[in-house]
Amino acid sequence: MEPQAKYLTFDTETNGLFNFKLPADAEGQPRLAHLAMIWADEDGNEIKRKDYYIRPDGWTMPQGPGSAGAVNGLTDEFLMENGGHIDAVLHAYTREIERGLIAVAFNAQYDLKIMRGELRRAGMPDLFEKTLNICVMRPMTGLCQLPKRNGFGFKFPKLSEALEYFGHSLEGAHQAINDAEGALIVMRELMRIGRLPEPAVHYAKNRPDEAAA
């Protein structure tokens, strides 16, 4: 019998960056190109993993220096050949959220906003208030204590920096499955030291109807 999953560690790769002042599904917001999910039990032990590439449906993956494609290595040609329809990917994701799994990601607010945008575009419930989640980046800020460039306070660490704090390394950064695995490792380490946050629904400001959710 397969172990009981409690956590869904996931990561997204997209074709651009958010304007966080606008709703997730506003015109010009980034599109989901790659979703990776890793199921884990209550102790953070991996149960299984799955990769999903999304076939472009009117959007493109930009190329060139500094572009999203240059960072994540994805191209329109690869996604057209290897990607599936967005609806099938969204149903795979929402099925696990509806089951009550806790979504875990490194910079969860970004990844969850990506998923909300795609769900809304597809005419599906965005499950905002049903998605209990844990961001494993934010508790690492006080642990890594990496100074901001302006010298005031600490910056959010990169996933590689968070892993390095615990003596781990990350290969293949910005490949969704590798980043999801990295987030899972950070989650286990936070469990070990008693610093894993409680799952919650994180609002952009006050309530999703009052904010650019």
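Starting from the alpha-carbon convex hull of region 114-171, give the projected area averaged over all orientations, in nm². Present the calculation step by step, with values, prior to reporting the outcome.
On the way: hull surface 24.9 nm².
Its Cα hull, projected and averaged over all orientations, spans 6.2 nm².
Taking the Cα centre as origin and putting +1 on Lys and Arg beta-carbons and -1 on Asp and Glu beta-carbons, what dipole magnitude results for region 56-213, to the nearest 20 debye? Could the numbers behind the result be given before it?
Details: 17 positive and 20 negative charges, 162 e Å.
Value, rounded to 20: 780 debye.
Residue farthest toward the positive end of the dipole of region 74-169, with Cβ of Lys/Arg at +1 and Asp/Glu at -1: which of 169, 137, 100?
The Cα lying farthest towards the positive end belongs to 137.
Provide the gained length on full extension for the span residue 20 to residue 202, in nm with one decimal, where the gain is 0.36 nm per separating residue minus the Cα-Cα distance. Can you show the working numbers first?
Values: separation 182, 0.36 × 182 = 65.52 nm, distance 1.43 nm.
Value of the extension gain: 64.1 nm.
Would you grab the residues whose amide H sits under 5 Å from the one on residue 11? Only those 5+ places off in sequence or on another chain, please, with H modelled 1.01 Å from N.
Under 5 Å from the amide H of residue 11 lie the amide H atoms of 36, each far enough along the sequence or on another chain.
Would you calculate the convex hull of the Cα atoms in region 56-161 and tell me its volume per residue in Å³? Present the calculation step by step, with values, prior to reporting the outcome.
Working: hull volume 15.3 nm³, N = 106.
It comes to 145 Å³ per residue, whole-number rounded.
Can you give me the P(r) profile for the chain? Cα pairs, bins 10 angstrom wide beginning at 0, each as a whole percent.
With 10 Å bins starting at 0, P(r) equals 8, 33, 38, 18, 2, 0.
Among the listed pairs 48/155; 6/48; 21/158, which have their C-alpha atoms separated by more than 21 angstrom in this model?
The answer is 48/155; 21/158.
Which loop trypsin sites (Lys or Arg not before Pro) in region 1-96, with loop taken from DSSP, have no more than 10 other Cβ atoms within 10 angstrom of their Cβ? Walk me through the intermediate numbers first.
Values: sites: 6, 21, 31, 48, 49, 50, 95; in loops: 6, 21, 31.
Taking region 1-96 and a limit of 10 other Cβ atoms within 10 Å, the loop trypsin sites (Lys or Arg not before Pro) found are 21.
Read-outs throughout are calculated quantities, based only on the coordinates presented, and are distinct from any laboratory measurement. Since the structure is predicted, the reported quantities are computational estimates derived from the model, not experimental observations. Note that each Cβ is placed from the backbone with ideal geometry, even for glycine, and that neighbours are counted across all protein chains shown.
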